[in-house]
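Below is one structure, written out as structure tokens; the observations come after it.
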Amino acid sequence: MQESDHNDLIKKEKFRKKFFRDVMSWAGTSIVLIAIDLFLSGSITWSRFPVFFYGIFMVMQFFRFINVEYLGGDYREKPKRRHRKSRYKQTPEDAEVEDYSDELLRPEEREYADLKDYRKPGKLWKDEDLV
């Protein structure tokens, strides 16, 4: 067995352990939340919402686990988004780039503004405002 195969097996085992650790975390958190809700109000009122939404996340993790374990999916692969190919992305051939090289190569033709015309140097405070 090669070293890369051995490393993949170790990483896959870590993925498996992480999934079961997440399931146990969800179950423990759900039990504690439901117990607090039952103790405080006598019925299940608010605790169903965090248990439900955390459960939805766990269902998504379960489908990924099934894909990796039984369908031969890659454990390193993140779920792909549908809009991966952006319609706004341009290739260098499609982009129209303006050529500023002549302006940059001839600095003697540039006009430099005199900043004294725009801002008069002086104090930013009045002497009578000082204590």
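The values are calculated or read from the model by the stated rules, or taken from the named source; none is laboratory data. Just so it is clear, the structure is predicted and the values come from calculations on it, not from any experiment. Cβ: placed from backbone, ideal geometry, glycine included. Neighbour counts: every protein chain shown.
Comparison of I36, I44 shows that the only residue that is touching an Asp or Glu at 6+ places or on another chain (Cβ under 7 Å) and of a type in the set (A, V, I, L, M, F, W, C) is I44. Cβ separations smaller than 8 Å between residues 6+ apart or across chains give the following pairs from the range 2-19 residues that are part of a helix (DSSP H, G or I) to residues that are among the acidic types (D, E): R16/E69. Filtered by the rule that a residue be exposed (fewer than 13 other Cβ atoms within 10 Å of the Cβ) and in a helix (DSSP H, G or I), the range 28-49 gives G28, I31, V32, A35, I36, F39, L40, S41, F49.
Cβ separations smaller than 8 Å between residues 6+ apart or across chains give the following pairs from the range 53-82 residues that are within 26 Å of S30 (Cα to Cα) and hydroxyl-bearing (S, T, Y) to residues that are modelled with pLDDT of 80 or more and assigned to a helix (DSSP H, G or I): Y54/W26; Y54/T29; Y54/S30.
Among the residues of the range 67-83, just one is among the aliphatic types (A, V, I, L, M) and either surrounded by 12 or more Cβ atoms within 10 Å (Cβ to Cβ) or modelled with pLDDT of 90 or more (or both), namely V68.
Scanning the range 21-35 for residues that are of a type in the set (S, T, Y) and closer than 14 Å to F53 by Cβ yields T29, S30.
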